[in-house]
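Every number here is computed from the coordinates shown, using simple stated rules; none is lab data. Quick caveat: nothing in here was measured; it's all calculated off a predicted structure.
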Amino acid sequence: MKKSFIIFLILALFIPQWGWSQRDKSEDDSNFSPGVDFIIGGGIYFGSKKTAGYYSGQPQNENNLNYIFNNDSFKEIILKRITDNNNYVSSTDTNIGIKEYPTAVKYKPAMSVMLGASYRFNKHWRLSIYYTFARLTAKDIFTVSYTNSVPGNERNDYLQYLLIGKENRSFIDVTGSYTFDASQYIKPFIELGAQFNFVKVKSFDAVIEDFEYNLLDIYGGATYVQGVPMQEFEPNYGGAGFAFTGTAGIKFCFNENISIDPIFYISWGKIHLTDYNNFHFNYGAYVRLVMSDGLFKK
């Protein structure tokens, strides 16, 4: 995705310069004709922290820390790793468990890419369809407790470890837009539309002593037993959702065929993560490179 974003930036820098060189000074809006615009873009997507709670590891979530801490084999492996890496923890400190779950999990801002096309009916009205992709990562800390069993000095102690959730989000937006004819070169616009989205949980891990424990059920509901061959399955978490979208932007026109459009985007809708699929807001800031079909006719 980073390579795609770099390619987009290169196009955004050089294609407009070519457009300036082709501008006919006699051009004005009377040259407008209906047709198709082609759009590529990139930017930053901000996922709602409300859905990031899916990766808090709490027992009520469909994927949680009990998956490993309530399993004798996993728990034995975890305790051995902790005692091997921490001299102050003894193998007799078997009373190990979750002390605190994270309560404010957030997504990191995610790079996002966009492809689209629109049909321009006239100078003001367009109907557009976009495909957008973003890969999100949520991180936070959870606390593990253990009882220090040194004779005469029994006490509760704590260790902190990392939870990391990763997901892919794909969006298809259908929008109608209105462009304000402010000037020949600068044209504000707004878009309203509907969105179909799909989320795929790629991974969800607890990182304990630099080792990643998969919290997704890859054994199809079977209980993991150390040393016993077990069939693994591809976990399938996530699904389809929908939203309503709004966009505000400014079209910087280099000629009648090329523009650069910085936009701010917001959606209000459902992302399909079990128990976290209520209506929430998500945001994005993008830059679009828009090329009309007239560019390819010359």
- Using modelled backbone amide H atoms (1.01 Å from N, in-plane), which distant-in-sequence or interchain residues come within less than 5 Å of Asp140's amide H? Leu163
- Along the stretch 236-243, what does the Karplus equation 6.51 cos²θ - 1.76 cosθ + 1.60 (θ = phi - 60°) give for ³J(HN,Hα), rounded to whole Hz, x for Gly and Pro? 10, 10, x, x, 8, x, 8, 7
- Per-residue HN-Hα couplings for the stretch 255-271, Karplus 6.51 cos²θ - 1.76 cosθ + 1.60 at θ = phi - 60°, whole Hz, x for Gly and Pro? 7, 6, 10, 9, 8, 10, 10, x, 9, 10, 10, 9, 10, 10, x, 10, 9
- Message: Given an 8 Å cut-off on Cα distances and at least 6 residues of separation, report the relative contact order of the stretch 185-298 as a percent.
- Response: 27 percent
- Item | Rg in Å to one decimal, and Dmax rounded to a whole Å, for the stretch 217-296 via C-alpha atoms | 22.4, 68
- Task: List, in order, the whole-Hz ³J(HN,Hα) value for each residue of the stretch 168-179 obtained from phi through the Karplus relation with A = 6.51, B = -1.76, C = 1.60 and θ = phi - 60°; use x for Gly and Pro.
- Result: 9, 10, 10, 10, 10, 10, 10, 9, x, 10, 10, 9
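Of the cross-linked pairs Lys187/Lys297; Lys80/Lys139; Lys166/Lys270; Lys106/Lys202; Lys75/Lys202; Lys49/Lys75, which ones have a Cα-Cα span greater than 28 Å in the structure shown?
On the way: Lys187/Lys297 24 Å; Lys80/Lys139 25 Å; Lys166/Lys270 18 Å; Lys106/Lys202 17 Å; Lys75/Lys202 24 Å; Lys49/Lys75 30 Å.
In this structure, Lys49/Lys75 exceed 28 Å between Cα atoms.
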